[in-house]
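FYI, it's all coordinate maths here, none of it is from the lab. Not measured: the values here are computed from a predicted model. Please note: Cβ atoms are built from the backbone with ideal geometry, for glycine as well, and neighbour counts cover all protein chains shown.
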Amino acid sequence: MSSPTPNADGGASSDDSDDGVRIDMISGARMEGLTGMEKIRLILDGVREGNIVILEEGLSPDEESKLIEVTMTEISPDDFTGIEIETYPKAETSNQSFLDKLMGRNSAQKLTVIGPANRIETLHKDENLISTLVSRK
Amino acid sequence: MGLLTNLKDSISRVTDGLFAADEPKRIGIYGPPNAGKTTLANRIARDWTGDAVGPESHIPHETRRARRKENVEIERNGRKVTIDIVDTPGVTTKVDYKEFLDHDMEKEDAVRRSREATEGVAEAMHWLREDVDGVIYVLDSSTDPFTQVNTMLIGIIESQDLPALILANKTDLPGSDVQQIANAFPQHETIPLSALEGENMDEVYTKIAEYFG
């Protein structure tokens with residue numbers, strides 16, 4: 001086995017983690033200084049390695065839109081079939097103030113779980129709980 | 001008085017002409033795969049232009065390119081609304097060619113279909129951010145609306161401040177539950193219909209004129 005190599009988010013590569021599932025929990029502070037595309041790259045690089053990515057504060061609607069678009073361009077047969085993404089339903093996060101909307105701020109932060117579509121399956125979701133089944137490679 | 005009335009009528013005709021010359025609004029028909037978007041687009045296009053927009057199918061991702069039907073004139077209560085209908089591929093976050101193999105498709109065809117589907121979804125997202133003036137969001141009322149794709153797309157549409165009409169389609173199916181859709185998106189009005197059977201299209205056209213006119 002080769003030694004772990006640093007990846008885009010500064011952690012160890014998951015090449016050697018065949019026995020388990022790696023989960024990257026990314027804080028809001030870590031995402032704050034990144035551009036939209038840098039966030040999407042960070043997420044997709046992790047997911048394409050087979051990792052589960054948990055974002056403390058989620059993405060803005062515009063970033064979500066671009067995440068779907070970029071994901072589609074990266075899907076390839078027998079390699080990458082896309083992503084599974086889950087957040088709490090909007091009812092819990094729709095308290096964005098008028099000032100926030102005016103300033104383009106996304107104060108409606110929501111915990112978001114993203115993983116490879118072929119490894120993560122949502123078992124249950126409601127306003128307070130996201131239950132997922134993660135399979136090994 | 002007669003002179004004033006004639007002058008008023010003349011001004012009215014000129015301003016009406018100016019508005020008629022305005023570009024039609026582009027209304028995107030969005031929703032998850034197999035919600036009946038193309039069936040609806042065809043129903044609207046046939047009712048008002050006599051032509052169809054594209055082929056319909058029960059196989060997911062039949063629509064793999066955004067298709068536009070231009071200058072669809074809808075008349076409601078003496079008011080005329082001209083729109084371009086943009087029928088878009090069903091939005092998803094994953095496409096696996098293997099799901100097409102279940103529909104008696106050879107691997108080569110399934111791979112090609114999945115590749116075209118991914119390009120179509122990317123294109124649909126681009127249209128949503130850049131090129132539509134309003135959205136008709138179509139849901140299959142016999143399936144669970146509380147999906148991540150629906151939540152994200154409605155959030156994206158709202159963040160763009162686009163007028164959005166939510167249609168609960170397939171009311172002809174036994175498991176149809178319109179109220180479930182209304183509960184999922186209480187901030188929007190939900191209109192029930194069966195695009196396939198043409199049920200409740202009068203209300204749909206009235207709402208299109210109201211929302212996008």
CD proxy at 222 nm, helix term only [per DSSP H run n ≥ 4: -39500 (n - 2.57); per residue of chain B; nearest 500] | -13500 deg cm²/dmol
Tell me which aspartates and glutamates have Cα within less than 18 Å of B:K107's Cα, excluding those fewer than 8 residues away on the same chain?
-> A:D78, A:D79, B:E62, B:D96, B:E99, B:E116
So how tilted is helix B:107-130 from the main axis of chain B? Cα-based, degrees 0 to 90, rounded to 10.
-> 30 degrees
Cα-based Debye curve of region B:56-213 sampled at q = 0.20 Å⁻¹ gives log₁₀ I(q)/I(0) of -1.47
Ignore the peptide's own chain and count Cβ atoms of other chains within 10 Å of each Cβ in A:75-81; give me the average, rounded.
-> 6
Cα→Cβ-extended label distance, 7 Å offset, between A:L123 and B:N77, nm = 5.1 nm
Averaged over residues of B:119-125, the number of beta carbons from other chains lying within 10 Å of each residue's Cβ is 5
In peptide A:57-69, what is the residue-averaged number of other protein chain Cβ atoms found within 10 Å of each Cβ?
-> 5
In whole Å, what is the distance between the alpha-carbon centres of region B:141-188 and region B:78-115?
-> 19 Å
In terms of modelled amide H atoms, which long-range or inter-chain residues lie less than 5 Å from the amide H of A:Y88?
-> A:L111
Out-of-range pairs (alpha-carbon distance over 25 Å; input B:K170/B:K207; A:K66/B:K170; A:K110/B:K94) = A:K66/B:K170
In region B:74-162, which GluC sites (Glu not before Pro) are in a loop and have at most 11 other Cβ atoms within 10 Å, using DSSP for the loop call?
-> B:E106
Which whole-number percent of Cα pairs in region B:128-213 have a distance greater than 18 Å?
-> 42 percent
Quotient of C-alpha Rg and 2.2 N^0.38 Å, computed over region B:58-139 = 1.35
